[in-house]
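What follows is a set of notes on a single structure, which appears directly below.
The values are calculated or read from the model by the stated rules, or taken from the named source; none is laboratory data. Bear in mind that the values here come from a model prediction, so they are computed numbers and not experimental data. With ideal geometry, Cβ positions are generated from the backbone for all residues, glycine too; neighbour counts draw on all protein chains shown. We work out accessible area using only protein heavy atoms, side chains counted, and drop any ligands, DNA or RNA first. Shrake-Rupley method; radii C 1.70, N 1.55, O 1.52, S 1.80 Å.
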Amino acid sequence: MPSRAEVSYFGAGPAPLPTPVLEEASKVLLNYKNGGIGITEISHRSADATAILENTISGLRQLLDIPAEGPDGYQILFLQGGGSGEFSASVYHMVGLWVEKRRKQVVEQLGDSASEEQVLEKLKEEVKKMKIDYLVTGSWSLKASQEAARLVGSEHVNVALDARKANAGKFGVIPEDKDWSLTQNKDDSAMVYFCDNETVDGVEFPAFPSSLENGGYPVVADMSSNFLSRAVDVRKYDAIFGGAQKNVGTAGITIAIVKNTLLPPHAELAKSDLLRKLGLPVGPVVLDWPTIAKNNSLYNTLPIFDVWIAGKVMDGLLKKHPAQASMPRIQGQQDESEKKAASIYGVLDKYPEVYTVVPDKSVRSRMNICFRVGKEDERDAKEKAFIAGASERLLQGVKGHRSVGGCRVSNYNAVSLESVEKLVRYMEEFAQSK
Ligand SMILES: Cc1ncc(COP(=O)(O)O)c(C=O)c1O
């Protein structure tokens, strides 16, 4: 039986966690802070739980330089329901904001003498114009756009970019912004949504999309699989979310970073009665960002153990990357991710007759490295041999997602340089033996 230290694990999520965090976790599961009660047994409303929440929030604020106060500050929320839950939560929220803003404009246009029915009739007309813009660059943004269509109707979903159309039906490129078709009237767009790193397809936005810089569109991004792996200017986003189970912690919590201007008291959302009258959906309260924000993420029972794990992972990053003047705190982690990714892509590029990287060079993910082994007619056998050989050397989790096949190496923060070196040596060996 291999030991944990002998195995190098490249799973896409759930993914490896730092061993010291898990060692401490195994202790606190039995006895938290010598109180004789395990961490999963303490109340989520206890002083200990509050301290855990505060520590994790503070770690995240430091790592990503997230301001707290004022309209330009952000709330950090912990939710359940995974990244998928946030596909829905973001729609409910951004639609609620859009409708309330438009309702106020209608009231202003019609004047004080207008009846409620008149406002409603006019608003019904206005809602027909509402769009949610999606940049579809891979399987997860596609799923998010499909969820939006399921919730509000496909007539409201504008797929401003379907990257497959520029790449023979497959994901793997991000066409230039000038080729996107965002909703022209920005006021009609409830949000522009994109997935910063597509876990299944290995496609990552190299930088924040320039057309969304000061573009006037509300921007929401899914960072589930590249959270805390590079410097992010959160001020460019209205909301960012990510499931914890890749770079941050265990499956069970999702983190949402939501700008104060999107939340009460800075913003108002449409009331549920109005949404119902307009034929728009009312979301479950557990996905409601204002409710979660108002209750400091404790509206209902929060898995505090998962928050503790995330906090410990963040503590580890803060320790590893001390503050340096004029450098984002997470920069050191970005450098490390880039270095590891460069050595894996390096060996893939060195043997083009054996390996083919799936996405275009310009959008290669640093987190999920997707490639094929062998020429098309021999791929099945070659990939099986590659995966089996890797497994013999205790290099685990390199099989591609079932929907796309091939191989995928996930290079999350807890994957050590040493593990990457072992993998690269194996990839060299495999290529040379062919
Ligand atoms: C980028 C991205 N978004 C969303 C999800 C969905 O997350 P969950 O399984 O937590 O719902 C995943 C899952 O792997 C993902 O990689």
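With both labels modelled 7 Å from their Cα along Cα-to-Cβ, the residue 251 to residue 325 distance reads 4.7 nm.
Using only alpha carbon pairs under 8 Å that are at least six residues apart, calculate the relative contact order of the range 68-145 and give it in whole percent.
With pairs under 8 Å counted, the relative contact order is 25 percent.
Mean sequence separation of contacting Cα pairs (under 8 Å, at least six apart), scaled by the length of the chain, corresponds to a relative contact order of 24 percent.
Modelled label positions at residue 318 and residue 118, each set 7 Å beyond Cα in the direction of Cβ, lie 5.7 nm from each other. Potential lengthening of the chain between residue 69 and residue 170 amounts to 32.1 nm, from the contour at 0.36 nm per residue minus the alpha-carbon distance.
Remark: relative contact order (the range 282-434) = 18 percent; criterion is Cα-Cα distance under 8 angstrom and separation of 6 or more residues.
Of all DSSP-defined beta bridges confined to the range 54-307, some 45% are antiparallel rather than parallel. DSSP finds beta bridges in the range 197-288, and of those with both partners inside it, around 70 percent are antiparallel.
Taking GluC sites (Glu not before Pro) across the range 338-434, the ones in a DSSP loop with at most 16 further Cβ atoms lying within 10 angstrom of their Cβ are 353.
In this calculation the C-beta distance from residue 26 to residue 362 is compared with R0 = 30 Å, giving a FRET efficiency of 0.10. Placing unit charges on the Cβ atoms only, positive for Lys and Arg and negative for Asp and Glu, gives the chain a dipole magnitude near 640 debye about its Cα centre. Listed by chain and number, the lysines whose C-alpha is less than 17 Å from the C-alpha of residue 33, apart from same-chain residues fewer than 8 away, are 312.
Please report the antiparallel percentage of the DSSP beta bridges confined to the chain, to the nearest 5.
Approximately 55 percent, going by the DSSP bridge assignments.
Only protein heavy atoms count here; under a 1.4 Å probe, residue 179 has an accessible surface of about 90 Å². In the chain, the ratio of gyration radius to Kirkwood radius, Rg to Rh, stands at 1.00 when only Cα atoms are counted. The range 382-426 and the range 275-301 have Cα centres separated by 40 Å. Treating each Cα of the range 331-432 as an identical point scatterer and summing with the Debye formula, the log10 of I(q)/I(0) at q = 0.15, 0.17, 0.21 Å⁻¹ comes to -0.56, -0.72, -1.14. In terms of distances greater than 18 angstrom between alpha carbons, the cross-link table entries 339/361; 122/277; 236/320; 340/422 yield 236/320. The lysines whose alpha-carbon is closer than 20 Å to the alpha-carbon of residue 294, local same-chain residues fewer than 8 away aside, are 259, 271. Cα centroid separation, the range 200-218 to the range 5-59: 33 Å. Helices in the chain, meaning DSSP H runs of at least 4 residues, each add -39500 (n - 2.57). Divided by all residues, the mean residue ellipticity at 222 nm is -12000 deg cm²/dmol.
Remark: spin-label model distance residue 271-residue 62 equals 4.5 nm, labels positioned 7 Å along the Cα→Cβ axis.
When the P(r) is computed for the range 54-307, the part past 21 Å accounts for 58% of the Cα-Cα pairs.
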